[in-house]
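Novice: Supplied in structure tokens, the structure appears directly below.
Values in this text are rule-based calculations from the coordinates and carry no lab data. Bear in mind the structure is a predicted one, so any value in this text is a computation, not a measurement. Please note: Cβ atoms are built from the backbone with ideal geometry, for glycine as well, and neighbour counts cover all protein chains shown.
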């Protein structure tokens, strides 16, 4: 049988892949995609806990699913603003590589 | 859902999630992300969260991916493939990520409830959309309206950012 831990392990692996992408890759588009992977890994564990915590009426805990709804909305807004910043940056510097953007580096 | 289907979709999600990071071509990365999100949506549906699974497909595989692909096509993507990889920095980043994974794994191992299976659901006469919508418009009404303002601000911000500066 599939346990809660299986879903949590899948979620942890997915989060780690996204984290590694943010740490390793230098292309801003890929970094944004890795951020999406991390947000979705958190969503997976939220939904798993929602299904795990069945209430007295025999239904899953829908509070977690409302929270996932909010996370998805915020992630969509974040992607739109992030990609607009990327296009503005590309217009100014003709690059999407974080190694080339060092004006704010200490 | 049978364990067989769970492992198929879990492996699909993780393998294509890894392909997002490993591919050097951003178009291939974006398409891998679509497959990964479809697998994730199947996992959501295996947890009886059908509404979340469907908006996952609609919002991510539909809207967000089209946005990513548009931007990738708009910009010059050939530069990335010519760059050399800094293996030392890559090994450092992967090392930190592996340490994080080991920490989360140990925490899950010490979590007693993680070894329990999911309790059965009662046969419900209402959809989960009904329950989520009722919570959204009663208990979570204020956050819902704040989210609306946030989306409006994001829209205005995107228009301002992508406007060409008059010289």
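Novice: Looking at the square roots a ≥ b ≥ c of the eigenvalues of the Cα gyration tensor of the protein assembly as shown, which shape do they give, rounded for a/c under 1.5, prolate if a/b is larger than b/c, or oblate?
Specialist: Oblate shape, in that a/c is at least 1.5 and b/c is the bigger or equal ratio.
Novice: With the cut-off at 1.5 for a/c, could you classify chain B from its C-alpha gyration tensor as rounded, prolate or oblate?
Specialist: Oblate.
Novice: Follow-up. Need one number for chain A: average projected area of the convex hull over its C-alpha atoms, nm².
Specialist: About 8.5 nm², averaged over all directions.
Novice: If you stretched the chain out fully between residue B:123 and residue B:98, how much longer would it get, using 0.36 nm times the residue separation minus the C-alpha to C-alpha distance? Please list the in-between numbers first.
Specialist: Numbers: separation 25, 0.36 × 25 = 9.00 nm, distance 4.16 nm.
Extending this stretch completely gives an extra 4.8 nm.
Novice: Turning to a different aspect of this structure: Rounded, prolate or oblate, given the Cα gyration tensor of the stretch B:124-167, with a/c below 1.5 counting as rounded?
Specialist: prolate
Novice: Using only Cα atoms and rounding to the nearest 10 degrees, what angle (0 to 90) does helix A:62-93 make with the longest principal axis of chain A?
Specialist: 10 degrees
Novice: Separate question: What distance in nm separates the simple spin-label points at residue B:116 and residue B:66, each placed 7 Å from Cα in the Cβ direction?
Specialist: Rounded to a tenth, the inter-label distance reads 4.3 nm.
Novice: Once R0 is set to 25 Å, what does the formula 1/(1 + (r/R0)^6) return for the Cβ-Cβ distance between residue A:91 and residue B:88, expressed as a FRET efficiency to the nearest 0.05?
Specialist: My answer for the efficiency is 0.20.
Novice: I'd like the distance between the alpha-carbon centres of the stretch A:8-54 and the stretch B:44-77, rounded to an integer number of Å.
Specialist: Computed from Cα coordinates, the inter-centre distance equals 14 Å.
Novice: Let me ask something additional. With each label point set 7 Å from Cα along the Cα-Cβ vector, what nm distance links residue A:102 and residue B:156?
Specialist: 3.8 nm
Novice: Cβ neighbours within 10 Å, averaged per peptide: list A:18-31, A:65-78, B:152-165 in order, most packed at the top.
Specialist: Top of the packing list down: A:18-31, A:65-78, B:152-165.
Novice: If you don't mind, another one. So what's the angle, to the nearest 10 degrees on a 0 to 90 scale, between helix A:28-52 and the longest Cα principal axis of chain A?
Specialist: Relative to chain A, helix A:28-52 is tipped by roughly 10 degrees.
Novice: Using only Cα atoms, tell me the angle between helix A:4-24 and the longest principal axis of chain A; keep it within 0 to 90° and round to the nearest 10.
Specialist: Helix A:4-24 sits roughly 0 degrees off the main axis of chain A.
Novice: Moving to a separate point now. Which one of B:32, B:113, B:138 has the biggest mean-square fluctuation once chain B is modelled by GNM with Cα springs under 10 Å?
Specialist: B:113
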